[in-house]
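A short worksheet on the structure shown next.
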Amino acid sequence: MQVSPLGLGTVKFGRNQQVKYPTAFELPDDKQVLNILALARDLGINLLDTAPAYGLSQQRLGKLLSGRQDWIIVSKVGEIFENGQSRFDFSYQHTVQTVENSLKTLKTDYLDVVLIHSHGDDLQIFAQEEAVSALMDLKQRGLIRAHGMSSKTVEGGLKVVDDLDVVMATCNLSYNDELPVLQAAADKGKAVLIKKGLQSGHVEGHDGVRASMQFVFEQPGVSSMIVGTINPVHLRDNVAAVEEVLG
Ligand SMILES: NC(=O)c1ccc[n+]([C@@H]2O[C@H](COP(=O)([O-])OP(=O)(O)OC[C@H]3O[C@@H](n4cnc5c(N)ncnc54)[C@H](OP(=O)(O)O)[C@@H]3O)[C@@H](O)[C@H]2O)c1
C-alpha cells in the first residue's frame, strides 16, 4: 500500500465527548466535513483513520464519501464508545461483528487496515483475547488487507511488530518512549502509523507544527503520521510543514 506521509484522523468528525483536545468544539456539519475531505485529497492525502469508537465518524464517512473512492481506510476494533463512556471487547465474535458493521457503515467490501484499539494492557490482549486470531481470519477472508494494533506500551508495540502487519504508536516532542518500537518495525519492514504527533493539539503555531513533524519524520520506519483536524487552515499548514521537512 502506498500511503501519503500525512493521514487524516477523523475523531473530530464524530466525537466531542471524553476527548483530550485543548479546547471544546462543535462537530463540523456535513459541508465542513466534505470540504476537509476534498481539501485533503487535493493536497495529496490518501489515508483516513477512523474507528467505531469515534462516535459518528464512520457513519458520516459512509454517507459523505459516496463510495470509498481510492482512500486507504484504517479502522479499529475493540473499543466501544456508548453514552459518553468507553468499554472494551476483544472477543472473536465482537471483532468479526465490528469489522462486518464497519464494512456496511462505510459502504465498502474491504478495509485496508484494521487495528486493535488497545485499552492499555497490550500484552494481555495478545495472551488472553481472541481479537488477533479473528483479524488473521478476516484477512484470509479478504475483508481486511492488513492487521495491527494501536498499542500503548513498548512491549506491546514490539509484539505487534513481531506478529502483525501495522503498529500505530505515539511519538511526539514530549513523548519518545516508543522509539524502540519504530526501530523494530523499520528493521522488520513493518508499517508504522504515528498518532498524537502534534500532542493532540498542544503545539504552538507553524513553528511548533513544523518542529513536531521534523521530529516524527526523522525517526526510522514511519509510514504515515495521522493528524486529526477539522480546520482547513490547519490542514494546509500541516501539509506545508511536511513538505518543508521532507523536501
Ligand atoms: N488508536 C488510538 O488509540 C488513537 C488515539 C488517539 C488518536 N488516534 C488517531 O490519531 C489521530 C490523531 O491523534 P489526535 O487527534 O489525538 O492528536 P493530534 O493529531 O496530535 O492532534 C489533533 C489536534 O491538533 C489540532 N491541530 C491539527 N493541526 C493543527 C495545526 N496546524 N495547528 C494547531 N493545531 C492543530 C487539531 O485541532 P483542529 O481541528 O482545530 O485543527 C486537533 O485538536 C486521531 O484523529 C485518530 O485518528 C488514535
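Of note:
- Relative contact order for the chain, counting Cα pairs under 8 Å that sit 6 or more residues apart, in percent: 20
- Interchain or long-range residues, amide H under 5 Å from Ile72's placed H: Leu47, Leu48
- Computed per residue of the chain from DSSP H runs no shorter than four, each worth -39500 (n - 2.57), the mean residue ellipticity at 222 nm is -12500 deg cm²/dmol.
- Length-normalised contact order of segment 113-247 in % [C-alpha pairs under 8 Å, at least 6 apart]: 19
- Sequence-distant residues sharing a close amide H with Gly7 (under 5 Å, placed H): Met225, Ile226, Val227
- Antiparallel content of DSSP bridges confined to the chain, in %, to 5: 15
- Contact order normalised by residue count of segment 24-135, Cα under 8 Å, 6+ apart, percent: 26
- DSSP-loop trypsin sites (Lys or Arg not before Pro) across segment 124-181, with at most 11 other Cβ within 10 angstrom: Arg141
- Shape analysis of segment 3-109 places it in the oblate category; the axes a ≥ b ≥ c from the Cα gyration tensor give an a/c of at least 1.5, with a/b not above b/c.
- The residues of the chain present an accessible area of 45 Å² per residue when probed at 1.4 Å with all protein chains retained.
- Diffusion constant of the chain at 10 °C, which comes from Stokes-Einstein with the Kirkwood Cα-pair radius and 1.306 mPa s, µm²/s: 88
- DSSP beta bridges confined to segment 130-205 are antiparallel in about 10 percent of cases.
- On segment 76-160, 44 percent of the accessible area sits on carbon and sulfur atoms, based on a 1.4 Å probe.
- Residues with amide H under 5 Å from that of Thr170, placed H, sequence gap 5 or more: Lys195
The values are calculated or read from the model by the stated rules, or taken from the named source; none is laboratory data. Everything numeric in this text was worked out from a predicted model, so none of it was measured. Quick reminder, even Gly has a Cβ in these numbers, built from the backbone with ideal geometry, and neighbours come from all protein chains shown. What goes into the accessible areas is simple: the full protein's heavy atoms, side chains included, and nothing from ligands, DNA or RNA. Shrake-Rupley method; radii C 1.70, N 1.55, O 1.52, S 1.80 Å.
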